[in-house]
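Student: The structure under discussion is supplied below as structure tokens; questions concerning it will follow.
The values are calculated or read from the model by the stated rules, or taken from the named source; none is laboratory data. Because the structure is a prediction, the values reported are computed rather than measured. Virtual Cβ from ideal backbone geometry, glycine too; neighbours counted across all protein chains shown. To get the accessible areas, we keep the full protein, side chains included, count just its heavy atoms, and leave off ligands, DNA and RNA. Shrake-Rupley method; radii C 1.70, N 1.55, O 1.52, S 1.80 Å.
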Protein chains: 2
Amino acid sequence: MVITNSAEHTGPGPGRGPIALMLGHPDPATLATPEFRSAVAAATDAPDFYEGLQYGLDAGTRNLRELLQEKSSREQGLSIGPANLMLVSGATHAVDVLARLYAKPGGVVLVEAPTYPDTLHIFRDHQSELHAIPTDEGGLIVSALEERLAWLKAQGKLPSFLYTIPTFHNPRGSTMSEARRRALLEVADKHTLMIVEDDVYRDLSFNGPVPASCFALAQGHGQRVCSIGSFSKTLAPGLRLGWLVAPPDVIQTCMACGTTQMGGGASPFSAQVVAQYCRSGHWEPHIRRLRAIYAMRRDLMVAALERYMPAETTWTRPEGGFFVWLTLPSMPSTVRAGDVQQVAHEAGVAVAGGEAFFLDPHDGHQHLRLAYSYAAPGDLDAGIRTLAQVINGFMRSQ
Amino acid sequence: MVITNSAEHTGPGPGRGPIALMLGHPDPATLATPEFRSAVAAATDAPDFYEGLQYGLDAGTRNLRELLQEKSSREQGLSIGPANLMLVSGATHAVDVLARLYAKPGGVVLVEAPTYPDTLHIFRDHQSELHAIPTDEGGLIVSALEERLAWLKAQGKLPSFLYTIPTFHNPRGSTMSEARRRALLEVADKHTLMIVEDDVYRDLSFNGPVPASCFALAQGHGQRVCSIGSFSKTLAPGLRLGWLVAPPDVIQTCMACGTTQMGGGASPFSAQVVAQYCRSGHWEPHIRRLRAIYAMRRDLMVAALERYMPAETTWTRPEGGFFVWLTLPSMPSTVRAGDVQQVAHEAGVAVAGGEAFFLDPHDGHQHLRLAYSYAAPGDLDAGIRTLAQVINGFMRSQ
């Protein structure tokens with residue numbers, strides 16, 4: 001992999017737009033690697049190339065499923081077979097199909113506060129009734145979940161599922177400990193609650209192994225856990241390719257969905273290329289390089305935050321993934337995220353205000369999500385410096 | 001394009017499965033052409049290759065949209081601009097997003113009888129209330145639509161849209177005349193009915209120009225028509241790529257959908273490759289060759305039907321697309337499609353029973369859909385001969 005200077009795509013300056021700390025996009029310099037280009041060429045020359053051009057199997061390209069079954073099983077000490085895994089067109093597709101088939105219109109879906117806003121959008125498109133469970137620096141607060149489940153039960157409501165991001169949370173950056181995951185599974189078992197685990201950042205750990213997935217911890221205990229993986233963070237989002245690991249009946253149901261039946265399996269053309277790439281042994285070394293790249297980016301952003309931010313501001317120091325979660329000063333009075341976002345944009349830095357990450361936008365007005373994944377590394381310092389100036393400006397004006 | 005013998009994928013024989021007259025898949029020999037392989041290589045080497053690997057624009061890859069705007073405008077005498085067209089991940093995606101956003105749960109959707117079964121599946125996944133409008137050899141019967149609309153209005157129900165396949169209908173093979181399309185638009189205007197026009201077979205005409213699309217005929221008249229196109233029939237379904245042409249407000253709404261916001265634009269990697277392929281001038285000559293190939297396949301199937309079928313059997317002779325629609329003998333008593341399908345499969349020929357194409361399966365039990373698009377050309381005669389033997393067998397046993 002060649003790490004080129006990606007400043008021409010993301011940096012500030014004439015005609016280049018603001019420094020992009022807003023988007024959870026992968027580093028552009030990591031996308032079109034020589035290894036990936038070679039895999040495209042090899043896949044195109046292979047005798048089975050036409051298979052990626054025809055309608056595909058409902059479960060997705062077999063070669064790639066087998067590679068993912070092997071990797072997931074090996075890394076998590078599981079025995080994931082063909083009945084447990086299907087390809088999806090990115091995590092988007094998995095969330096959408098589960099919402100469609102399990103949270104039928106008006107169904108109750110539990111989400112974390114904060115959570116990934118685009119999933120809220122999908123649940124709302126399906127007219128789900130949404131309830132938010134609070135989180136702390138260790139992720140979902142299990143006692144709060146249990147209280148909400150009891151309250152819903154008293155209303156005669158049975159939630160369709162909980163959507164959670166236990167590992168390198170978007171936007172908090174937090175990771176649930178194994179103990180907390182086990183407590184979550186116990187509560188889920190008691191209330192017959194299905195868990196949809198968005199685990200797309202799992203491979204991007206900066207400090208070694210992460211806790212086992214909820215899917216892995218649930219094995220042999222009967223709880224219903226669906227775990228979503230994706231090539232969007234560890235290879236390329238434009239491929240529209242991910243996978244769903246789930247109990248066999250859930251996989252069967254999702255494969256029988258109307259969109260799968262009509263369109264064939266997920267992204268067959270991309271899957272053919274990615275199977276070639278993985279078979280050539282390129283993916284896991286690439287993931288190891290990505291860990292180093294994003295750890296370096298995280299370090300650059302955290303160092304800049306320490307250098308420039310006013311003392312009243314706090315932030316997380318994530319151990320993996322793409323995001324820092326920043327809390328704005330509340331003294332003498334609260335600096336509002338929406339205001340900071342707007343003025344920062346005018347000053348050449350795009351950040352995500354916290355409002356969108358909560359069911360009740362009011363809960364997010366003291367937070368910003370800062371992505372260190374996408375902007376040119378050389379711009380992270382300048383971006384944070386400008387953002388700190390904007391925040392200081394609001395504090396002085398109070 | 002090299003036309004290879006595709007018998008190894010689709011023909012009968014040991015380990016090869018039945019002769020596939022069931023699936024509306026394109027001819028496998030037309031997929032992995034040298035021109036397409038060259039386009040993949042050129043796209044991979046191009047400096048903008050990384051754009052197809054990142055999250056894409058909500059409307060889809062700009063280059064490809066511009067090519068489609070130009071082609072649609074030129075062929076239909078329109079002026080389709082960026083506000084009228086977005087890329088989708090195949091017709092599936094377009095049908096799904098329109099069902100989700102315009103036929104909210106419980107919304108009323110009108111379909112044709114018969115219609116494409118996988119769309120029924122999608123509408124049912126969205127819990128739409130479905131009503132079927134009968135068709136004849138000229139397509140949708142407009143007076144029947146008007147009667148149903150009046151009846152629904154009396155019930156206080158306003159349909160979300162009509163889903164129609166006006167050109168080379170799946171499964172009937174029929175094409176609505178321009179006069180009938182205009183009559184449809186008049187009724188739609190009177191009842192403020194949105195029309196979703198599935199036009200994926202438009203380019204596969206065997207006898208020259210087809211009537212203008214409902215979208216084209218509606219221009220300047222204020223009717224709301226959405227027209228769906230696809231690369232699945234004229235390039236390769238595994239790419240998961242199509243387009244939606246619609247009024248600007250509909251395009252805006254579909255782009256703001258949760259799945260688009262979460263996943264980025266439709267299949268960016270495929271779109272980058274297809275843009276390169278089209279820009280090199282390969283697509284339109286390829287379409288012309290496909291017309292000749294599918295006309296030859298249609299001729300082979302129709303000749304076999306004339307040769308082998310009992311006199312009591314009738315069938316359509318489509319002017320384009322992939323399908324013959326066969327009506328089974330009703331004398332001395334009806335031969336049932338489900339029975340024929342099962343016995344034919346045991347005899348080595350897969351066909352689609354008519355039941356799945358109707359809201360009420362009973363309406364389809366006298367029909368079969370026969371796809372001439374996919375099986376090896378050399379197997380079409382043998383497949384129809386076997387099918388005729390099965391039908392004759394049922395007639396003799398009555």
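Student: Search the stretch B:36-49 for residues that are within 7 Å of chain A (Cβ to nearest Cβ) and pair each with any residue that is of a type in the set (A, V, I, L, M) and in a loop (DSSP other than H, G, I, E, B) when their beta-carbon atoms are under 6 Å apart and the residues are at least 6 apart or on different chains.
Tutor: Close Cβ pairs satisfying both conditions: B:Phe49/A:Ala32.
Student: Something else now. With respect to B:Gly173, determine if the residue is touching a Pro at 6+ places or on another chain (Cβ under 9 Å), open to solvent by 30 Å² or more (accessible area, probe 1.4 Å) and assigned to a loop (DSSP other than H, G, I, E, B).
Tutor: No.
Every residue, every condition in (1) among the β-branched types (Val, Ile, Thr); (2) touching a helix residue (DSSP H, G or I) at 6+ places or on another chain (Cβ under 8 Å); (3) within 11 Å of chain A (Cβ to nearest Cβ); (4) open to solvent by 10 Å² or more (accessible area, probe 1.4 Å), yes or no:
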| position | (1), (2), (3), (4) |
| --- | --- |
| B:Ser227 | no, yes, no, yes |
| B:Gly238 | no, yes, yes, no |
| B:Gly242 | no, yes, yes, no |
| B:Ala256 | no, no, yes, yes |
| B:Gly263 | no, yes, yes, no |
| B:Arg289 | no, yes, no, yes |
| B:Tyr308 | no, yes, no, yes |
| B:Trp315 | no, yes, no, yes |
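Student: For A:Gly24, which of the numbered conditions (1) over 17 Å from A:Val200 (Cα atoms); (2) open to solvent by less than 40 Å² (accessible area, probe 1.4 Å); (3) more than 8 Å from chain B (Cβ to nearest Cβ); (4) outside any strand (DSSP E or B) fails to hold?
Tutor: All conditions pass for A:Gly24, except number (1).
Student: Of the residues A:Pro248, A:Pro285, A:Pro211, which single one is of a type outside the set (D, E, K, R), surrounded by fewer than 17 Cβ atoms within 10 Å (Cβ to Cβ) and over 29 Å from B:Gly264 (Cβ atoms)?
Tutor: The unique qualifying residue is A:Pro248.
Student: With the requirement that a residue be open to solvent by less than 30 Å² (accessible area, probe 1.4 Å) and out of contact with any helix residue (DSSP H, G or I) (no Cβ under 7 Å at 6 or more places or on another chain), what does the stretch A:194-208 give you?
Tutor: Correct list: A:Asp199, A:Tyr201.
Student: Moving on to the next point. Condition (residue is among the aliphatic types (A, V, I, L, M) and within 14 Å of chain B (Cβ to nearest Cβ)) applied to the stretch A:275-286: is it met by at least one residue?
Tutor: Checking the stretch A:275-286: at least one residue is among the aliphatic types (A, V, I, L, M) and within 14 Å of chain B (Cβ to nearest Cβ).
Student: Got at least one residue in the stretch A:353-372 being basic (Lys, Arg) and open to solvent by less than 50 Å² (accessible area, probe 1.4 Å)?
Tutor: So far as the stretch A:353-372 goes, yes, one or more of its residues are basic (Lys, Arg) and open to solvent by less than 50 Å² (accessible area, probe 1.4 Å).
Student: Ok, one more. Could you please find all residues in the stretch A:268-278 being open to solvent by 10 Å² or more (accessible area, probe 1.4 Å) and under 16 Å from A:Ser89 (Cα atoms)?
Tutor: A:Gln272
Student: Looking at B:His121, B:His93 in this structure, which one is at the interface with another protein chain (Cβ under 8 Å from one of its Cβ atoms), touching a strand residue (DSSP E or B) at 6+ places or on another chain (Cβ under 8 Å) and assigned to a helix (DSSP H, G or I)?
Tutor: Answer to the selection: B:His93.
Student: Additional query: I need a count of the residues in the stretch B:126-136 that are at the interface with another protein chain (Cβ under 8 Å from one of its Cβ atoms) and open to solvent by 30 Å² or more (accessible area, probe 1.4 Å).
Tutor: Number of matching residues: 1.
Student: While we're looking at this one, here's another question. Condition test on B:Met301, is it in contact (Cβ under 8 Å) with a residue 12 or more places away in the chain and within 20 Å of the chain's Cα centre (by Cα)?
Tutor: Judged against the criteria, B:Met301 is a match.
Student: Being within 13 Å of chain A (Cβ to nearest Cβ), part of a strand (DSSP E or B) and at pLDDT 95 or above is the requirement here; does B:Leu110 meet it?
Tutor: no
Student: Regarding the stretch A:63-71, can at least one residue be identified that is more than 10 Å from chain B (Cβ to nearest Cβ), closer than 25 Å to A:Val196 by Cα and open to solvent by less than 10 Å² (accessible area, probe 1.4 Å)?
Tutor: Yes, there is a match, as at least one residue in the stretch A:63-71 is more than 10 Å from chain B (Cβ to nearest Cβ), closer than 25 Å to A:Val196 by Cα and open to solvent by less than 10 Å² (accessible area, probe 1.4 Å).
Student: In the stretch A:274-292, which residues are over 22 Å from A:Gly208 (Cα atoms), more than 23 Å from the chain's Cα centre (by Cα) and not hydroxyl-bearing (Ser, Thr, Tyr)?
Tutor: Matches in the stretch A:274-292: A:Gln276, A:Arg279.
Student: For the stretch B:50-60, give me the residue count where each residue is open to solvent by 10 Å² or more (accessible area, probe 1.4 Å) and within 9 Å of chain A (Cβ to nearest Cβ).
Tutor: 5
Student: Which of the residues that make up the stretch A:72-90 are facing another protein chain (nearest Cβ under 9 Å) and open to solvent by less than 20 Å² (accessible area, probe 1.4 Å)?
Tutor: A:Gly90 - this is the single residue of the stretch A:72-90 that is facing another protein chain (nearest Cβ under 9 Å) and open to solvent by less than 20 Å² (accessible area, probe 1.4 Å).
Student: Scan the stretch B:152-167 and give yes if some residue there is free of Cβ contacts under 8 Å to residues at least 24 places away in the same chain and not in a loop (DSSP other than H, G, I, E, B), otherwise no.
Tutor: Checking the stretch B:152-167: at least one residue is free of Cβ contacts under 8 Å to residues at least 24 places away in the same chain and not in a loop (DSSP other than H, G, I, E, B).
Yes/no per residue for (1) in contact with a strand residue (DSSP E or B) (Cβ under 8 Å, 6 or more places away or on another chain); (2) within 30 Å of A:Ser128 (Cβ to Cβ):
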position	(1), (2)
A:Asp45	no, no
A:Asp48	no, no
A:Leu57	no, yes
A:Gly60	yes, yes
A:Arg65	yes, yes
A:Gln76	no, yes
